[in-house]
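The values are calculated or read from the model by the stated rules, or taken from the named source; none is laboratory data. Model, not experiment: these values are computed from the prediction. Counting neighbours? That spans all protein chains shown, and the Cβs are built from the backbone with ideal geometry, glycine included. To get the accessible areas, we keep the full protein, side chains included, count just its heavy atoms, and leave off ligands, DNA and RNA. Shrake-Rupley method; radii C 1.70, N 1.55, O 1.52, S 1.80 Å.
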Amino acid sequence: MRTRKVVFNLHLYIGLAAGLFLVLSGLTGSMIVFREEIEELTHPELMETAVRDERVPVQEVLNAVKRAYPEDKPVFMRMPRAPQETYLLKMNSAHDLFVYANPYSGEVLGAHRQEDTFIGWVGLLHTELLIGEDGKTILGVSALLLICMSVTGFFLWWPPNGIKKISRGFKIGWPAPWKKVIFDLHRASGIYTSLFLLIIAFTGVSLVFNKTVVDLINFVTVSQPRPAPPLSDPSGAMGAAISLDALLDRADRILPAPTTWITFPQTPQAPLVVRKKLSEESHPNGKSFIYFDQYTGEVLRVENVLNAPSGTRIYNILYPIHVGVIGGLPTRILQVIIGFSPLVLFVTGYLMWRNRRKVKAHKNPAKNWATNLAGLRRDK
């Protein structure tokens, strides 16, 4: 019973400390599961266009965006994944200015800052609490605490008097007094969602503290770490500029799979990176990369995800699990439902804690009287 009390207090105070962050993360996570669909509904003029016979060269689209926004620098370019989808260019950083362009005419359709749209703002709130790296760290620590809460919650849920009473932990006695209903709701909600919350928490931690998790997975699987990106040679800067379309054609010959993103070099030594998604991959963006020298177009390295070490392949699957795309629409819907569970658990847990405080105060009137009397003497 002493151990159970320690675990109970640990579960309680972790919940009170991290509960609001977990509620916020869960609710915002539920909303961004269908982020692309929401963006298509709210901004169809930017996300979709009429389908024509041929697309203009990608270099032409890039040049049009640079002319329209000469003060901003392209960092990422999302390729259309459907005939009606537009180009998205992320300028300056991954979360700054978003510019959309028509793939058939090259016309710049418009732009917005991520925080200026509701779903973009929700995405920033979910990933960094609107405060950048510090917000990511807070959410990462909260996810670690959620793992602790899931483990301690399961320990408390397990009946101390034997397995015969285990079925009670799955039931909610609705006709019972409201305090008992709150207790049952907290206990049953916790056991039904604990495994899913553990998975979401661990995969969330892997996205925040990715280097640590990668090192851990590589250690456990005895895998070689992924090498650092190769570097471009600035001495080739005097040559003629390489067409982006020529690089994409070369990438298609090397890895015949859809290109999902292009990463533009931000330093003189950085490579240009073409990202591809193979049909065997579950990752929505793919994890195969082709690195080009930004000056000469030389192929610096090819990373085919199918040939990656086991540690890298394991880590690559954590993001698809976190966003719920592994099983298609059913798992995405499940992800939305699970996102509301921290709210249910926090509210019911808080009500239980408040009721316990009231009961203790009622059972110790002499202690309360002495405390109040001491306060009155201090006031005098």
Estimated 222 nm signal from helices in the chain, with DSSP H stretches of n ≥ 4 weighted -39500 (n - 2.57), rounded to 500 = -17500 deg cm²/dmol
Computed FRET value (nearest 0.05) for GLU37 with PHE196, which takes r as the C-beta separation and R₀ as 22 Å | 0.50
Beyond 27 Å between alpha-carbons counts as too far, so tell me which of LYS136/LYS180; LYS66/LYS136; LYS136/LYS360; LYS211/LYS276; LYS73/LYS277; LYS5/LYS363 fall in that bin.
-> LYS136/LYS180; LYS66/LYS136; LYS136/LYS360
Percent of accessible area on region 78-134 owned by carbon and sulfur, 1.4 Å probe?
-> 52 percent
Point-to-point label distance, LYS165-HIS95, nm (Cα→Cβ direction, 7 Å offset) | 4.7 nm
At a Förster distance of 41 Å, what's the computed FRET efficiency of ASP245 paired with ARG332, Cβ-Cβ distance as r, to 0.05?
-> 0.75
When ranked by the protection proxy of mean other Cβ atoms within 10 Å per residue, highest first, what sequence do the peptides 138-149, 26-37 form?
-> 138-149, 26-37
May I ask you to derive the relative contact order of the chain, considering only C-alpha pairs under 8 Å and at least 6 residues apart, and to give it as an integer percent?
-> 19 percent
Averaged per residue, what accessible area in Å² does the chain show with a 1.4 Å probe, protein chains only?
-> 56 Å²
Gap separating the Cα centres of region 99-164 and region 294-322, nearest whole Å = 24 Å
With everything on Cα atoms, drop me the angle between helix 2-32 and the longest principal axis of the chain, reported from 0 to 90° to the nearest 10.
-> 40 degrees
Degrees separating the helix 133-157 axis from the principal Cα axis of the chain, which is the longest one = 40 degrees
At 37 °C in a medium of viscosity 0.692 mPa s, region 1-68 has a Stokes-Einstein diffusion coefficient, with Rh taken as the Kirkwood radius over alpha carbon pairs, in µm² per second, of 191 µm²/s
Compute the long axis of helix 58-68 from its Cα atoms, compare it with the longest principal axis of the Cα atoms of the chain, and write down the angle in degrees, 0 to 90, nearest 10.
-> 70 degrees
From a point 7 Å beyond the Cα of ALA176 in the direction of its Cβ, which residues of region 139-158 have a backbone N at a distance under 15 Å?
-> 157-158
Compute the FRET efficiency between LYS66 and LYS211 as 1/(1 + (r/R0)^6), taking r as their Cβ-Cβ distance and R0 = 35 Å, and round to the nearest 0.05.
-> 0.55
